[in-house]
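Undergrad: One structure follows; several queries about it will come next.
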(Lines give C-alpha, C1' and ligand atoms only; values in the text may rest on other atoms or scores of the structure.)
Protein backbone atom coordinates (compact mmCIF):
# COMPACT_ATOMS: atom_id res chain seq x y z
CA UNK A 1 0.00 0.00 0.00
CA UNK A 2 1.52 3.34 -1.04
CA UNK A 3 1.50 6.56 0.96
CA UNK A 4 -1.38 8.11 -0.99
CA UNK A 5 -3.61 5.10 -0.41
CA UNK A 6 -2.77 5.11 3.32
CA UNK A 7 -3.71 8.77 3.62
CA UNK A 8 -6.94 8.08 1.74
CA UNK A 9 -7.87 5.27 4.12
CA UNK A 10 -7.12 7.40 7.19
CA UNK A 11 -9.23 10.26 5.85
CA UNK A 12 -12.05 7.87 4.93
CA UNK A 13 -11.99 6.40 8.42
CA UNK A 14 -12.12 9.88 9.92
CA UNK A 15 -15.07 10.83 7.74
CA UNK A 16 -16.85 7.61 8.70
CA UNK A 17 -16.47 8.48 12.38
CA UNK A 18 -17.70 12.06 11.80
CA UNK A 19 -20.73 10.82 9.88
CA UNK A 20 -21.46 8.34 12.66
CA UNK A 21 -21.27 11.05 15.30
CA UNK A 22 -23.52 13.24 13.13
CA UNK A 23 -26.07 10.44 12.92
CA UNK A 24 -26.11 9.97 16.69
CA UNK A 25 -26.51 13.71 17.27
CA UNK A 26 -29.30 13.91 14.73
CA UNK A 27 -31.23 11.09 16.39
CA UNK A 28 -31.16 12.91 19.72
CA UNK A 29 -33.28 15.74 18.34
CA UNK A 30 -37.00 15.57 17.66
CA UNK A 31 -38.38 16.20 14.17
CA UNK A 32 -39.68 19.54 15.40
CA UNK A 33 -36.19 20.58 16.45
CA UNK A 34 -34.82 19.56 13.05
CA UNK A 35 -37.52 21.57 11.28
CA UNK A 36 -36.64 24.59 13.38
CA UNK A 37 -32.94 24.20 12.60
CA UNK A 38 -33.69 24.24 8.85
CA UNK A 39 -35.79 27.38 9.25
CA UNK A 40 -33.00 28.98 11.25
CA UNK A 41 -30.43 28.12 8.59
CA UNK A 42 -32.48 30.09 6.06
CA UNK A 43 -33.25 33.01 8.37
CA UNK A 44 -31.12 35.96 9.34
CA UNK A 45 -30.13 34.29 12.61
CA UNK A 46 -28.98 31.15 10.82
CA UNK A 47 -25.21 31.51 10.91
CA UNK A 48 -25.47 35.26 11.59
CA UNK A 49 -25.76 37.43 14.67
CA UNK A 50 -27.79 40.64 14.31
CA UNK A 51 -26.97 43.16 17.03
CA UNK A 52 -27.41 46.55 15.40
CA UNK A 53 -26.20 49.62 17.33
CA UNK A 54 -28.68 51.60 19.40
CA UNK A 55 -27.41 54.76 17.75
CA UNK A 56 -27.29 56.08 14.19
CA UNK A 57 -25.33 53.81 11.86
CA UNK A 58 -24.67 52.94 8.22
CA UNK A 59 -25.41 49.31 7.37
CA UNK A 60 -22.94 47.31 5.32
CA UNK A 61 -24.66 44.78 3.06
CA UNK A 62 -22.24 42.30 1.50
CA UNK A 63 -22.91 40.67 -1.87
CA UNK A 64 -19.85 38.45 -2.06
CA UNK A 65 -19.75 35.39 -4.31
CA UNK A 66 -22.23 33.96 -6.80
CA UNK A 67 -25.76 35.30 -6.43
CA UNK A 68 -27.78 32.10 -6.12
CA UNK A 69 -30.38 30.26 -4.08
CA UNK A 70 -29.50 29.80 -0.42
CA UNK A 71 -29.34 26.16 0.62
CA UNK A 72 -29.96 25.04 4.21
CA UNK A 73 -26.58 24.01 5.60
CA UNK A 74 -26.11 20.95 7.77
CA UNK A 75 -23.81 20.73 10.76
CA UNK A 76 -20.88 19.63 8.57
CA UNK A 77 -21.64 21.89 5.59
CA UNK A 78 -19.61 24.98 4.77
CA UNK A 79 -21.80 28.10 4.49
CA UNK A 80 -22.22 29.76 1.11
CA UNK A 81 -20.25 32.97 0.67
CA UNK A 82 -23.40 34.80 -0.44
CA UNK A 83 -26.51 33.86 1.53
CA UNK A 84 -29.52 35.07 -0.40
CA UNK A 85 -32.40 34.60 2.05
CA UNK A 86 -30.27 35.84 4.93
CA UNK A 87 -29.42 38.99 2.97
CA UNK A 88 -33.04 39.71 2.09
CA UNK A 89 -34.09 39.28 5.72
CA UNK A 90 -31.24 41.53 6.85
CA UNK A 91 -32.47 44.31 4.53
CA UNK A 92 -36.01 43.87 5.91
CA UNK A 93 -34.62 44.47 9.39
CA UNK A 94 -32.85 47.58 8.20
CA UNK A 95 -36.08 48.92 6.70
CA UNK A 96 -37.72 48.68 10.12
CA UNK A 97 -34.77 50.10 12.09
CA UNK A 98 -34.97 53.88 12.53
CA UNK A 99 -31.35 53.99 13.72
CA UNK A 100 -30.21 52.93 10.28
CA UNK A 101 -29.40 56.01 8.20
CA UNK A 102 -28.14 54.49 4.96
CA UNK A 103 -26.55 51.49 3.27
CA UNK A 104 -23.09 50.68 1.99
CA UNK A 105 -23.65 47.94 -0.59
CA UNK A 106 -20.35 46.05 -0.93
CA UNK A 107 -20.28 43.98 -4.13
CA UNK A 108 -17.63 41.39 -4.96
CA UNK A 109 -19.50 39.12 -7.34
CA UNK A 110 -19.28 37.89 -10.96
CA UNK A 111 -23.08 37.66 -10.99
CA UNK A 112 -25.38 34.69 -10.74
CA UNK A 113 -28.90 33.45 -11.41
CA UNK A 114 -31.46 35.78 -12.97
CA UNK A 115 -34.08 34.81 -10.35
CA UNK A 116 -32.05 35.67 -7.25
CA UNK A 117 -30.45 38.74 -8.85
CA UNK A 118 -33.92 40.12 -9.58
CA UNK A 119 -35.07 39.44 -6.02
CA UNK A 120 -32.10 41.25 -4.52
CA UNK A 121 -32.50 44.17 -6.93
CA UNK A 122 -36.15 44.57 -5.94
CA UNK A 123 -35.39 44.31 -2.23
CA UNK A 124 -32.85 47.12 -2.54
CA UNK A 125 -35.41 49.20 -4.43
CA UNK A 126 -37.92 48.49 -1.66
CA UNK A 127 -35.39 49.69 0.94
CA UNK A 128 -35.03 53.01 -0.88
CA UNK A 129 -38.75 53.49 -1.51
CA UNK A 130 -39.89 52.67 2.03
CA UNK A 131 -37.14 54.49 3.94
CA UNK A 132 -35.96 57.26 1.63
CA UNK A 133 -32.43 56.44 2.80
CA UNK A 134 -29.49 56.47 0.40
CA UNK A 135 -27.51 53.49 -0.92
CA UNK A 136 -23.87 53.89 -1.86
CA UNK A 137 -22.26 51.04 -3.76
CA UNK A 138 -18.65 49.86 -3.60
CA UNK A 139 -17.30 47.43 -6.20
CA UNK A 140 -14.37 45.24 -5.11
CA UNK A 141 -12.65 42.60 -7.31
CA UNK A 142 -15.74 41.95 -9.44
CA UNK A 143 -19.10 43.59 -9.89
CA UNK A 144 -20.00 42.05 -13.22
CA UNK A 145 -23.24 40.94 -14.86
CA UNK A 146 -25.70 40.26 -11.98
CA UNK A 147 -23.16 41.88 -9.64
CA UNK A 148 -23.44 45.03 -11.73
CA UNK A 149 -27.23 44.82 -12.03
CA UNK A 150 -27.84 44.71 -8.26
CA UNK A 151 -25.74 47.87 -7.98
CA UNK A 152 -28.28 49.84 -10.03
CA UNK A 153 -30.46 50.99 -7.10
CA UNK A 154 -27.40 52.77 -5.66
CA UNK A 155 -27.36 56.58 -5.55
CA UNK A 156 -23.60 56.60 -6.06
CA UNK A 157 -21.26 53.87 -7.32
CA UNK A 158 -17.59 53.63 -6.38
CA UNK A 159 -15.11 51.09 -7.74
CA UNK A 160 -11.66 49.97 -6.70
CA UNK A 161 -8.96 51.00 -9.22
CA UNK A 162 -8.62 47.31 -10.20
CA UNK A 163 -12.31 46.38 -10.32
CA UNK A 164 -13.70 44.34 -13.22
CA UNK A 165 -17.28 45.37 -13.93
CA UNK A 166 -19.86 45.55 -16.70
CA UNK A 167 -20.55 42.27 -18.53
CA UNK A 168 -24.10 43.51 -19.11
CA UNK A 169 -25.86 40.54 -20.64
CA UNK A 170 -27.49 37.16 -20.15
CA UNK A 171 -26.22 33.62 -20.72
CA UNK A 172 -27.89 30.23 -20.86
CA UNK A 173 -25.44 27.36 -21.27
CA UNK A 174 -25.45 23.60 -21.41
CA UNK A 175 -23.61 20.55 -22.69
CA UNK A 176 -24.08 18.44 -25.81
CA UNK A 177 -23.28 14.97 -24.45
CA UNK A 178 -24.15 12.96 -27.56
CA UNK A 179 -20.49 12.44 -28.47
CA UNK A 180 -19.73 11.20 -24.95
CA UNK A 181 -22.71 8.82 -25.02
CA UNK A 182 -21.53 7.35 -28.32
CA UNK A 183 -18.02 6.88 -26.98
CA UNK A 184 -19.37 5.08 -23.92
CA UNK A 185 -21.76 2.97 -25.97
CA UNK A 186 -24.80 4.66 -24.43
CA UNK A 187 -27.98 5.71 -26.22
CA UNK A 188 -30.18 8.49 -24.86
CA UNK A 189 -33.95 7.94 -25.20
CA UNK A 190 -36.78 10.30 -24.26
CA UNK A 191 -40.52 10.06 -24.82
CA UNK A 192 -42.11 13.50 -24.83
CA UNK A 193 -45.49 15.16 -25.20
CA UNK A 194 -44.16 17.73 -27.66
CA UNK A 195 -41.23 18.29 -30.00
CA UNK A 196 -39.74 21.03 -27.85
CA UNK A 197 -39.94 19.20 -24.52
CA UNK A 198 -36.52 17.56 -24.95
CA UNK A 199 -33.64 19.86 -25.85
CA UNK A 200 -30.82 17.32 -25.54
CA UNK A 201 -30.40 17.53 -29.32
CA UNK A 202 -30.96 21.23 -29.89
CA UNK A 203 -32.92 22.12 -33.03
CA UNK A 204 -32.94 25.52 -34.74
CA UNK A 205 -36.47 26.10 -33.48
CA UNK A 206 -35.43 25.37 -29.89
CA UNK A 207 -32.45 27.68 -30.19
CA UNK A 208 -34.85 30.45 -31.29
CA UNK A 209 -37.13 29.72 -28.32
CA UNK A 210 -34.31 29.96 -25.79
CA UNK A 211 -32.84 32.98 -27.55
CA UNK A 212 -36.17 34.79 -27.11
CA UNK A 213 -35.99 34.12 -23.36
CA UNK A 214 -32.42 35.39 -23.18
CA UNK A 215 -33.44 38.49 -25.17
CA UNK A 216 -36.31 39.20 -22.78
CA UNK A 217 -34.00 39.10 -19.75
CA UNK A 218 -31.44 41.20 -21.63
CA UNK A 219 -33.98 43.94 -22.35
CA UNK A 220 -34.94 43.97 -18.68
CA UNK A 221 -31.26 44.25 -17.68
CA UNK A 222 -30.78 47.18 -20.09
CA UNK A 223 -33.86 48.90 -18.67
CA UNK A 224 -32.50 48.62 -15.12
CA UNK A 225 -29.14 50.08 -16.16
CA UNK A 226 -30.88 52.85 -18.10
CA UNK A 227 -32.93 53.80 -15.05
CA UNK A 228 -30.13 53.38 -12.53
CA UNK A 229 -27.51 55.30 -14.49
CA UNK A 230 -29.93 57.80 -16.05
CA UNK A 231 -28.80 56.82 -19.56
CA UNK A 232 -30.91 56.30 -22.71
CA UNK A 233 -31.48 52.59 -23.38
CA UNK A 234 -29.81 52.85 -26.80
CA UNK A 235 -26.67 54.24 -25.17
CA UNK A 236 -26.69 51.37 -22.67
CA UNK A 237 -26.99 48.82 -25.48
CA UNK A 238 -23.83 50.17 -27.10
CA UNK A 239 -22.00 49.16 -23.92
CA UNK A 240 -24.02 46.02 -23.23
CA UNK A 241 -22.52 43.43 -25.56
CA UNK A 242 -21.36 41.22 -22.67
CA UNK A 243 -17.85 42.65 -22.39
CA UNK A 244 -16.28 43.61 -19.08
CA UNK A 245 -14.75 46.99 -18.29
CA UNK A 246 -11.93 48.21 -16.08
CA UNK A 247 -12.76 50.84 -13.48
CA UNK A 248 -11.35 53.61 -15.72
CA UNK A 249 -13.32 52.38 -18.72
CA UNK A 250 -16.50 52.07 -16.65
CA UNK A 251 -16.17 55.62 -15.37
CA UNK A 252 -15.45 56.99 -18.84
CA UNK A 253 -18.62 55.29 -20.10
CA UNK A 254 -20.81 56.46 -17.21
CA UNK A 255 -21.25 53.01 -15.65
CA UNK A 256 -19.80 54.14 -12.29
CA UNK A 257 -19.28 57.47 -10.54
CA UNK A 258 -15.93 57.34 -8.74
CA UNK A 259 -12.74 55.31 -8.43
CA UNK A 260 -11.34 55.02 -4.92
CA UNK A 261 -10.26 52.72 -2.13
CA UNK A 262 -12.92 51.51 0.30
CA UNK A 263 -11.64 53.61 3.22
CA UNK A 264 -11.71 56.74 1.07
CA UNK A 265 -15.27 56.00 0.02
CA UNK A 266 -16.37 55.41 3.63
CA UNK A 267 -14.78 58.72 4.71
CA UNK A 268 -16.80 60.57 2.03
CA UNK A 269 -19.94 58.69 2.98
CA UNK A 270 -19.61 59.51 6.67
CA UNK A 271 -18.97 63.16 5.92
CA UNK A 272 -22.01 63.28 3.63
CA UNK A 273 -24.36 61.55 6.12
CA UNK A 274 -22.84 62.83 9.35
CA UNK A 275 -22.74 59.21 10.56
CA UNK A 276 -19.49 57.43 11.48
CA UNK A 277 -20.72 54.10 12.82
CA UNK A 278 -20.72 51.17 10.37
CA UNK A 279 -22.41 47.87 11.12
CA UNK A 280 -22.74 44.44 9.52
CA UNK A 281 -23.94 41.15 11.07
CA UNK A 282 -21.22 38.86 12.33
CA UNK A 283 -21.05 35.31 10.99
CA UNK A 284 -21.09 32.54 13.59
CA UNK A 285 -18.16 30.15 13.49
CA UNK A 286 -18.80 26.56 12.39
CA UNK A 287 -15.72 24.60 13.40
CA UNK A 288 -17.22 21.24 12.41
CA UNK A 289 -17.92 22.53 8.91
CA UNK A 290 -14.36 23.79 8.54
CA UNK A 291 -12.96 20.45 9.75
CA UNK A 292 -15.21 18.43 7.45
CA UNK A 293 -14.39 20.66 4.47
CA UNK A 294 -10.64 20.26 4.98
CA UNK A 295 -10.95 16.50 5.41
CA UNK A 296 -13.09 16.18 2.26
CA UNK A 297 -10.53 18.09 0.20
CA UNK A 298 -7.92 15.41 0.96
CA UNK A 299 -9.97 12.64 -0.66
CA UNK A 300 -9.10 12.26 -4.38
CA UNK A 301 -12.03 12.92 -6.77
CA UNK A 302 -13.07 10.46 -9.44
CA UNK A 303 -13.45 11.49 -13.07
CA UNK A 304 -17.23 11.13 -12.68
CA UNK A 305 -17.23 13.56 -9.74
CA UNK A 306 -15.19 16.11 -11.66
CA UNK A 307 -17.55 15.88 -14.66
CA UNK A 308 -20.62 16.26 -12.43
CA UNK A 309 -19.21 19.29 -10.61
CA UNK A 310 -18.23 20.92 -13.88
CA UNK A 311 -21.77 20.51 -15.19
CA UNK A 312 -23.23 21.99 -11.99
CA UNK A 313 -20.91 24.99 -12.16
CA UNK A 314 -22.20 25.74 -15.66
CA UNK A 315 -25.79 25.82 -14.34
CA UNK A 316 -26.96 23.97 -17.48
CA UNK A 317 -30.17 25.37 -18.92
CA UNK A 318 -30.60 28.15 -16.31
CA UNK A 319 -30.77 31.83 -17.24
CA UNK A 320 -27.79 33.58 -15.70
CA UNK A 321 -26.53 37.12 -15.25
CA UNK A 322 -22.96 35.83 -15.11
CA UNK A 323 -19.57 36.97 -16.40
CA UNK A 324 -18.53 33.77 -18.18
CA UNK A 325 -14.89 34.75 -18.62
CA UNK A 326 -14.47 35.28 -14.87
CA UNK A 327 -15.18 31.64 -13.92
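Undergrad: Residue 290: over 30 Å from residue 98 (Cβ atoms), assigned to a helix (DSSP H, G or I) and at pLDDT below 95, yes or no? Write out each step before concluding.
TA: Working: over 30 Å from residue 98 (Cβ atoms): yes; assigned to a helix (DSSP H, G or I): yes; at pLDDT below 95: yes.
Here the answer is yes, as residue 290 does meet what is asked.
Undergrad: Which residues, counting only those in region 204-215, are exposed (fewer than 13 other Cβ atoms within 10 Å of the Cβ) and within 19 Å of residue 238 (Cα to Cα)?
TA: 215
Undergrad: For region 122-141, give me each residue that is under 30 Å from residue 173 (Cβ atoms) and surrounded by fewer than 22 Cβ atoms within 10 Å (Cβ to Cβ). First the steps, then the outcome.
TA: First, pick out the residues of region 122-141 that are under 30 Å from residue 173 (Cβ atoms): 122-125, 137-141.
Result: 122, 123, 125, 140, 141.
Undergrad: Please pick out the residue among 211, 206, 249 that is out of contact with any strand residue (DSSP E or B) (no Cβ under 7 Å at 6 or more places or on another chain), assigned to a helix (DSSP H, G or I) and either at pLDDT 95 or above or under 21 Å from residue 104 (Cα atoms) (or both). Give the steps one after another, and end with the answer.
TA: Working: 211 fails: either at pLDDT 95 or above or under 21 Å from residue 104 (Cα atoms) (or both); 206 fails: either at pLDDT 95 or above or under 21 Å from residue 104 (Cα atoms) (or both).
It is 249.
Undergrad: From the residues in region 93-114 that are surrounded by 24 or more Cβ atoms within 10 Å (Cβ to Cβ) and over 12 Å from residue 136 (Cα atoms), which one is farthest from the chain's Cα centre (by Cα)?
TA: 114
Undergrad: If you don't mind, another one. Could you say whether any residue in region 250-259 is closer than 28 Å to residue 86 by Cβ and either out of contact with any helix residue (DSSP H, G or I) (no Cβ under 6 Å at 6 or more places or on another chain) or crowded, with 17+ Cβ neighbours inside 10 Å (or both)?
TA: yes
Undergrad: Still on this structure: When region 87-101 is examined, which residues are found to be more than 12 Å from residue 68 (Cα to Cα) and in a helix (DSSP H, G or I)? Steps first, answer last, please.
TA: Looking only at region 87-101, we keep the residues that are more than 12 Å from residue 68 (Cα to Cα), and these are 88-101.
Those that are more than 12 Å from residue 68 (Cα to Cα) and in a helix (DSSP H, G or I): 88, 89, 90, 91, 92, 93, 94, 95.
The values are calculated or read from the model by the stated rules, or taken from the named source; none is laboratory data. This one's a predicted model, so the numbers in the text were calculated from it and none came from an experiment. In this analysis, Cβ positions are derived from the backbone assuming ideal geometry, glycine residues included, and neighbour counts consider all displayed protein chains.
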